[in-house]
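Here is the structure we will look at, set down as structure tokens.
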Amino acid sequence: MRITVPGIPQAILSAALTAPRISRAEAIDQIATFIEPGNVAVLTGAGVSVDSGIRAYRGHDGRYMNPNYKCGCETAYPRTPLALTGKGHNFRLRSYLGYPPVRDALPNTTHFAIAALQHTGTISQLITQKVHCSRGHTIDRDTFQDWLSSANPKWRDYADEMERTGTQPRTNPDGDVAVEHLGISYSDFLIPDCPKCLAESHHNTVHKPQVVFFGESIPQAIKDESYRLIDVCDRLLVIGTTLATYSAFRLLRHALDQRKPVMVLNVGPTRADTVPEIQKIDYPSGLVLRDVARLVLGAQAEEEAVHQMLQSGIVRPPQDNDDDRAPRAAG
């Protein structure tokens, strides 16, 4: 069967699917050798959170888990007046219902290994998710969820009942859920005004997470900062991404242009697989990164805070048959 993945040439897919995987011990040794010199920039993708039970966009062979999948978040904050239409309303409700499983997800062993390396000075940047209105006022995501619940008591009770009975719609990788098959009407779902906009005499119910959606341009300030981080690092480690999104691949190219070593740790093919300067490790980060941190940190790994981090983290990936091809209850 011919496999196609947007952003990844066919030659890469064909080669990657037949490439032998190295042993776990070899993977740990190679990654540790790569990051041991220090001053490493780390670029992560959705694959880092799979062990927390959050689905990645793609499967082990690099394909989208659902070839017909459309990112609902794209229309949650579109670049057109769609935000004011019924369709925009639909995706806001879907995001409201899909947020709790993402909110309640626990950090996995990869997260804690990265945290340990951050604690000891290897990684120094942390990006967290917030919500901001279309005029730039930021709101904590949990606070915004509470606003939505207060404005929509019927939907709050509906969500609470689904959680109580274990019948929540399955959350997609972007925190969106598919509920059309339930025959739900979205027409009475209310979006609260931004209070800061109201204080400035503006009526504004258009909000979006402070992340970059598919098809959305990266703000220039964020783009400049990401390039700066590549400029000041000595090497780049990429974890859990196919790099099919060119904004991520561009950072990798920027590191290579500066003749900096680059390693990619990912299961399955990536956009970078035919770039000869890149070292590729085809192995799940959750199976190796904690031991990599112990090997690199040496005696520091026994310090109380670091030791605790390297003993922590869940490993609860979605079931292998949970392939995102049809909506079903979570759990």
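Selection of segment 302-311 for residues being in a helix (DSSP H, G or I) and either open to solvent by 40 Å² or more (accessible area, probe 1.4 Å) or at pLDDT below 95 (or both) yields Glu302, Glu304, Ala305, His307, Gln308. The residues in segment 247-301 that are within 14 Å of Leu43 (Cα to Cα), open to solvent by 40 Å² or more (accessible area, probe 1.4 Å) and touching a residue at least 60 places away in the same chain (Cβ under 8 Å) can be counted, and the count is 1. Note on segment 120-136: among residues that are buried (at least 17 other Cβ atoms within 10 Å of the Cβ) and either at pLDDT 85 or above or part of a loop (DSSP other than H, G, I, E, B) (or both), the one that is farthest from the chain's Cα centre (by Cα) is Thr120. Per this entry, Lys208 is counted among residues that are modelled with pLDDT under 90, of a type in the set (D, E, K, R) and within 17 Å of the chain's Cα centre (by Cα).
Among the residues of segment 278-301, just one is at pLDDT 95 or above and among the acidic types (Asp, Glu), namely Asp291.
Going by the conditions given, is Arg228 within 28 Å of Gly313 (Cα to Cα), open to solvent by 20 Å² or more (accessible area, probe 1.4 Å) and among the charged types (D, E, K, R)? Here the answer is no, as Arg228 does not meet what is asked.
The values are calculated or read from the model by the stated rules, or taken from the named source; none is laboratory data. Everything numeric here is computed off the predicted structure, so don't read it as measured data. Here Cβ is always computed from backbone atoms with ideal geometry, including for glycine, and neighbour counts include all displayed protein chains. We work out accessible area using only protein heavy atoms, side chains counted, and drop any ligands, DNA or RNA first. Shrake-Rupley method; radii C 1.70, N 1.55, O 1.52, S 1.80 Å.
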